[in-house]
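Written below as structure tokens is the structure these notes are about.
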Amino acid sequence: MSDPKQTKVVLDESQMPTHWYNIVADLPTPPPPHLHPGTQQPLQPDDLAPLFPPALIEQEVTTERWIEIPAEVHDIYRLWRPSPFYRAHRLEKALGTTARIYYKYEGASPVGSHKTNSAVAQAYFNKVAGRTRLTTETGAGQWGSALAFATQIFGQSCDIWQVRSSYEGKPYRHYLMETFGASVVASPSELTEAGRALREQFPDTTGSLGMAISEAVEAAAKDPNASYSLGSVLNHVALHQTVIGQEALLQLKLFGEGPADYLFACAGGGSNLAGIAFPFLRENLEGRAETTIVACEPKAAPSLTEGEYKYDFGDTAHLTPLLKMYSLGPDFVPAAVHAGGLRYHGMSPLVSHCYHEGLLQATAIKQLDAFEAGVIFSRAEGIVPASESNHAIAGAIRQARLATEAGESPVIVIGVSGSGQLDLPAYAEFLSGGMADS
Ligand SMILES: *Cc1c(COP(=O)(O)O)cnc(C)c1O
């Protein structure tokens, strides 16, 4: 592309990826298997059958490099994919940087984040397996709204346990889920044994993702027509998100750029990071690039930078398989920072494995730094990023400033995982000076 003012590359629908990319096929060492919580032995596909449909279990363990995206899912992706990819000319100018900054924007999806990429796939494979009801947890509500949207397309019912602090503090999100037809309750709730036990033990708790997962898992396990659905962390979720990185690689090339020097993405459970980064990591592994990939996590839930790499449960009631991951422990209840999607205690086993092998780097960002970056970005680019995405932007801005000081012009790519239109109360709190520096 020869126009130096070119600002975005919007691909044609015919250029949308036809397959999901499975990093496991290309990793130098195999990632550790998930373990059965009772026997501590590698999980057998049948162990997951009460919770997940066969296709998703297969995707959880497969070593195939490419998994074809079913036509029905591909057709629904057309509603928002391919997603746009921008050169951040105005952000570069605002920073006075010598770096060339690009960003991939997932906020134009129906619910304003990358989460629909997996929600539609999960609802579809559950439908194929005859599951008519899905249960899930949600923190800030992005995953819940994505699954609420996806299930109504396939005529399934959807029951969502939302972390109480978010349910009460961010009511717009449950209005959105309810608009799509889902039932939403605050967790811990009275509807499950796990919820009742947690309420008795911690009467004042504001909830956590670990607690909400326990409730949703229990509800699915007790209903033969139901499946549980997880919005991040697991291998099949990371897999579905790889449409992001495949598109971004092509879009960067269409801008006339060579390989990226840096890639920044925020990391909660790790799915948007995996989604954008794994196709770039493949370029590294095959010797075509040397991109430094940086996971940006919140200082309030620093699983990669301060957690321990060990087998751990995904939930508070210890109902999930044991996952080898960087974890702060399933009882960890983080400070009530605004980036609700980043408050999870663990990290995707695939992302954890890559980090452990030195294929990725990580940095922890404080909430005030994240929002400062988000406001600079909003004013320059006109897009108000999700609270979570602000962490990636803060990491990238820091790198751009270092490059400017060194007189270098690296290509920096940012994964902007979502829109912040429903996070505006957090922005208002930041602008008024009332935000805690957690
Ligand atoms: C859920 C969410 C995240 C965090 O989840 P990951 O699985 O780490 O991607 C980040 N950004 C947005 C906008 C989200 O909705």
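The values are calculated or read from the model by the stated rules, or taken from the named source; none is laboratory data. This structure is a prediction, so every number in the text was calculated from the model and none was measured. Quick reminder, even Gly has a Cβ in these numbers, built from the backbone with ideal geometry, and neighbours come from all protein chains shown.
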So which helices (runs of 4 or more DSSP H) are wholly in region 19-108 and hold at least 3 residues that are more than 23 Å from the chain's Cα centre (by Cα)?
89-95
From the set of residues in region 328-341 that are away from the ligand (no atom under 14 Å from the Cβ) and either within 18 Å of the chain's Cα centre (by Cα) or not β-branched (Val, Ile, Thr) (or both), which is nearest to Asp47 (Cα to Cα)?
Pro330
Condition set assigned to a loop (DSSP other than H, G, I, E, B) and surrounded by 23 or more Cβ atoms within 10 Å (Cβ to Cβ), scope region 237-259, selection nearest to the ligand (Cβ to nearest atom): answer is Gln241
Of the residues that sit in region 323-344 and are surrounded by 24 or more Cβ atoms within 10 Å (Cβ to Cβ), of a type in the set (A, V, I, L, M, F, W, C) and modelled with pLDDT of 85 or more, which one is farthest from Ala373 (Cα to Cα)?
Leu323
Is there any pair linking a residue in region 199-218 that is under 15 Å from Gly314 (Cα atoms) to one that is part of a helix (DSSP H, G or I) and among the aliphatic types (A, V, I, L, M), with Cβ under 6 Å and at least six apart or on different chains, and which?
Met211/Leu198; Ser214/Ala194; Glu215/Ala194; Glu218/Ala194
Single match in Tyr167, Tyr124 (criterion: in a helix (DSSP H, G or I) and out of contact with any strand residue (DSSP E or B) (no Cβ under 7 Å at 6 or more places or on another chain))
Tyr124
Right, His318: within 16 Å of the ligand (Cβ to nearest atom) and in a loop (DSSP other than H, G, I, E, B) or not?
no
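If you scan region 208-236, which residues turn out to be more than 16 Å from the ligand (Cβ to nearest atom) and either under 22 Å from the mean Cα position of the chain (by Cα) or not aliphatic (A, V, I, L, M) (or both)?
Met211, Ser214, Glu215, Val217, Glu218, Lys222, Asp223, Pro224, Asn225, Ser227, Tyr228
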Going through region 15-56 in order, the residues found to be modelled with pLDDT of 95 or more and of a type in the set (Val, Ile, Thr) are Thr18, Ile23, Val24, Thr29
Give the residue that is surrounded by the fewest Cβ atoms within 10 Å (Cβ to Cβ), with candidates limited to residues of region 91-116 that are closer than 19 Å to Glu405 by Cα and of a type in the set (D, E, K, R).
Lys93
Is there any pair linking a residue in region 348-370 that is charged (D, E, K, R) to one that is not in a strand (DSSP E or B), with Cβ under 8 Å and at least six apart or on different chains, and which?
Glu357/Leu27; Glu357/Pro28; Glu357/Thr29; Lys366/Lys299; Lys366/Asp437; Lys366/Ser438; Asp369/Ala394
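Condition check: surrounded by fewer than 19 Cβ atoms within 10 Å (Cβ to Cβ) and away from the ligand (no atom under 16 Å from the Cβ). Does Thr63 satisfy that?
yes
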Checking the condition surrounded by fewer than 23 Cβ atoms within 10 Å (Cβ to Cβ), of a type in the set (Val, Ile, Thr) and not in a helix (DSSP H, G or I), which residue from Val233, Val185 passes?
Val185
Go through region 127-146 and give me each residue that's buried (at least 24 other Cβ atoms within 10 Å of the Cβ) and of a type in the set (A, V, I, L, M, F, W, C).
Leu134, Ala140, Trp143, Ala146
List, please: which pairs have Cβ atoms under 7 Å, are six or more places apart or on different chains, and start with a residue in region 254-273 that is among the charged types (D, E, K, R) and end with one that is more than 6 Å from the ligand (Cβ to nearest atom)?
Glu257/Val411; Asp261/Thr291; Asp261/Thr292; Asp261/Pro410; Asp261/Val411; Asp261/Ile412
Determine whether region 14-24 contains at least one residue that is exposed (fewer than 13 other Cβ atoms within 10 Å of the Cβ), of a type outside the set (A, V, I, L, M) and in contact with a Pro (Cβ under 9 Å, 6 or more places away or on another chain).
no
Output for Cβ contacts, cut-off 9 Å, separation at least six or different chains, first residue closer than 23 Å to Gly269 by Cβ and modelled with pLDDT of 95 or more in region 383-409, second among the charged types (D, E, K, R) and away from the ligand (no atom under 16 Å from the Cβ), reads Asn390/Asp369; Asn390/Glu372; His391/Asp369; Ala394/Lys366; Ala394/Asp369; Ala394/Glu372
Is region 135-142 home to any residue that is within 20 Å of the chain's Cα centre (by Cα) and on the phi > 0 side of the Ramachandran plot?
yes
